[in-house]
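The values are calculated or read from the model by the stated rules, or taken from the named source; none is laboratory data. Note that the coordinates shown come from a computational prediction; the quantities given were computed from them, not determined experimentally. Using ideal geometry, Cβ is built from the backbone for each residue, glycine included, and neighbour counts are taken over all protein chains shown.
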Amino acid sequence: MKIEIDNNSGFCFGVVNAIQLAEKELKKNHILYCLGDIVHNSAEVDRLKSKGLITINLEQFKNLKNCKVLLRAHGEPPETYEIAKKNNIQLIDASCPVVLKLQNNIKQGFDVFLKKGGQVVIYGKEGHAEVNGLVGQTKGKAIIIGGMEDLDKIDFSKPVNLFSQTTKNIEDFNKIQKEIKKRMIATQGTKEIDFITNDTICKQVSHRQPQLREFVKNHDVVIFVSGKKSSNGRMLFQVCQAENPNTFFVSEQSELKKAWFNKAKSVGVCGATSTPRWLMENVASEIKKITNP
Ligand code: SF4
């Protein structure tokens with residue numbers, strides 16, 4: 001049986017950068033706080049924890065003083081920087097440049113749309129760290145929509161400036177923008193609507209969708225490796241499963257089931273932008289072991 005690990009899967013540059021910054025600091029000081037999980041993969045979080053990385057939540061962050069804290073790739077709202085300044089916390093800012101650019105665009109878009117009574121709409125997951133950082137650019141006023149079911153939160157009689165969380169599915173984003181446009185035209189009774197749509201999905205994510213479709217087509221069975229908390233992982237898993245129904249989701253090698261590989265001649269192992277290469281390699285070795293006892 002052939003087992004292949006997808007070369008296009010694994011950490012995106014934003015996550016690689018955050019982990020490199022953490023490891024560099026841990027080599028010097030052996031202890032570093034990180035606001036939230038550095039990556040949505042508990043195996044990688046545990047690996048860094050063993051080196052001294054301490055994951056803290058916002059409440060714990062507010063109570064820290066005179067120390068160093070790493071900000072992960074998801075980015076943070078302005079409030080986080082204010083707290084750090086007040087409490088003399090030195091930030092190691094690993095916010096991804098793609099997210100920072102999006103934050104800046106949202107801030108500018110919000111200022112313009114506020115003046116004309118419009119709305120900034122973010123297609124994303126409510127409560128997700130990146131989305132919190134984006135909404136923070138609008139003083140909490142942006143409207144978050146998680147899917148079609150949330151569209152009624154928008155006032156279609158007013159201008160709309162639409163953005164997306166970087167890890168969303170491009171096809172779903174396109175459906176959402178078409179529906180908003182349709183409803184705005186219907187409500188306003190004209191095609192001359194004030195609607196700006198910004199495809200702000202990270203190319204590291206959107207390019208993976210066609211690459212993954214190609215990869216999973218070439219295998220009888222596909223094992224998708226990702227942390228359960230990763231929204232990018234959930235989205236890419238669905239892309240793989242739609243293309244190859246014999247796709248199974250695991251977070252680590254112990255979740256593999258021998259029965260999945262009955263009659264399989266080739267197995268593909270792939271993952272999300274938050275899946276470490278070493279974890280996919282462990283999964284591939286375990287598949288070899290359980291299928292050739
Ligand atoms: S998915 Fe894209 S935006 Fe998000 S951290 Fe990775 S490189 Fe940055």
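Is it the case, given these coordinates, that Gly127 is more than 19 Å from His40 (Cα to Cα), surrounded by fewer than 12 Cβ atoms within 10 Å (Cβ to Cβ), in the same structural domain as Ser157 (by TED's automatic domain parsing) and under 21 Å from the mean Cα position of the chain (by Cα)? Before you say what the answer is, go through the steps one by one.
Working: more than 19 Å from His40 (Cα to Cα): no; surrounded by fewer than 12 Cβ atoms within 10 Å (Cβ to Cβ): yes; in the same structural domain as Ser157 (by TED's automatic domain parsing): yes; under 21 Å from the mean Cα position of the chain (by Cα): yes.
Spelling it out, it is not the case that Gly127 is more than 19 Å from His40 (Cα to Cα), surrounded by fewer than 12 Cβ atoms within 10 Å (Cβ to Cβ), in the same structural domain as Ser157 (by TED's automatic domain parsing) and under 21 Å from the mean Cα position of the chain (by Cα).
Does Asn88 satisfy the criteria of being out of contact with any Phe, Trp or Tyr (no Cβ under 7 Å at 6 or more places or on another chain), within 16 Å of the ligand (Cβ to nearest atom) and of a type in the set (S, T, N, Q)? Lay out the reasoning, then the answer.
Numbers: out of contact with any Phe, Trp or Tyr (no Cβ under 7 Å at 6 or more places or on another chain): yes; within 16 Å of the ligand (Cβ to nearest atom): no; of a type in the set (S, T, N, Q): yes.
Here the answer is no, as Asn88 does not meet what is asked.
Given (1) surrounded by 22 or more Cβ atoms within 10 Å (Cβ to Cβ); (2) under 30 Å from Arg72 (Cβ atoms), identify the lone condition not met by Ala284.
If we test Ala284 against (1) surrounded by 22 or more Cβ atoms within 10 Å (Cβ to Cβ); (2) under 30 Å from Arg72 (Cβ atoms), just (1) comes out false.
Given the conditions (1) closer than 26 Å to Gly75 by Cβ; (2) in a loop (DSSP other than H, G, I, E, B), which single one is not true for Ile193?
All conditions pass for Ile193, except number (1).
Just give me the residues in the stretch 6-21 being more than 14 Å from the ligand (Cβ to nearest atom) and surrounded by 18 or more Cβ atoms within 10 Å (Cβ to Cβ), in sequence order. Quick ask: steps written out before the conclusion?
Step one: filter the stretch 6-21 for residues more than 14 Å from the ligand (Cβ to nearest atom), giving 6-7.
Result: Asp6, single match.
Scan the stretch 245-286 residue by residue and report those that are among the β-branched types (Val, Ile, Thr) and part of a loop (DSSP other than H, G, I, E, B).
Answer for the stretch 245-286, where residues must be among the β-branched types (Val, Ile, Thr) and part of a loop (DSSP other than H, G, I, E, B): Thr273, Thr275.
With respect to the numbered conditions (1) in the same structural domain as Asn17 (by TED's automatic domain parsing); (2) assigned to a helix (DSSP H, G or I), which one is the sole condition not fulfilled by Leu134?
Here Leu134 clears every test but (1).
Any idea which residue in the stretch 221-268 is nearest to Asn282 (Cα to Cα), counting only those that are hydrophobic (A, V, I, L, M, F, W, C) and more than 24 Å from the chain's Cα centre (by Cα)?
Checking each candidate, the answer is Leu256.
Sort through Phe215, Phe224 and tell me the only one that's touching a residue at least 40 places away in the same chain (Cβ under 8 Å), in a strand (DSSP E or B) and over 20 Å from Arg47 (Cα atoms). Even if it seems obvious, please write down each step before you answer.
On the way: Phe215 fails: in a strand (DSSP E or B).
Criteria check complete, one pass: Phe224.
Would you check if there is a residue in the stretch 57-69 being outside the structural domain of Lys265 (by TED's automatic domain parsing) and within 16 Å of the ligand (Cβ to nearest atom)? Steps first, answer last, please.
From the stretch 57-69, those outside the structural domain of Lys265 (by TED's automatic domain parsing) are 57-69; that's our starting set.
After this cut, where a residue has to be within 16 Å of the ligand (Cβ to nearest atom) as well, the list is none.
Within the stretch 57-69, none of the residues are outside the structural domain of Lys265 (by TED's automatic domain parsing) and within 16 Å of the ligand (Cβ to nearest atom).
Quick check: anything in the stretch 153-170 in contact with a His (Cβ under 6 Å, 6 or more places away or on another chain), at pLDDT below 95 and either among the β-branched types (Val, Ile, Thr) or not assigned by TED's automatic domain parsing to the domain that holds Lys24 (or both)?
Filtering the stretch 153-170 down to residues in contact with a His (Cβ under 6 Å, 6 or more places away or on another chain) leaves none.
No, the stretch 153-170 contains no residue that is in contact with a His (Cβ under 6 Å, 6 or more places away or on another chain), at pLDDT below 95 and either among the β-branched types (Val, Ile, Thr) or not assigned by TED's automatic domain parsing to the domain that holds Lys24 (or both).
Out of Ala22, Ala18, Ala84, which single residue is on the phi < 0 side of the Ramachandran plot, under 17 Å from the mean Cα position of the chain (by Cα) and of a type in the set (A, V, I, L, M)?
Values: Ala22 fails: under 17 Å from the mean Cα position of the chain (by Cα); Ala84 fails: under 17 Å from the mean Cα position of the chain (by Cα).
Checking each option against the conditions leaves just Ala18.
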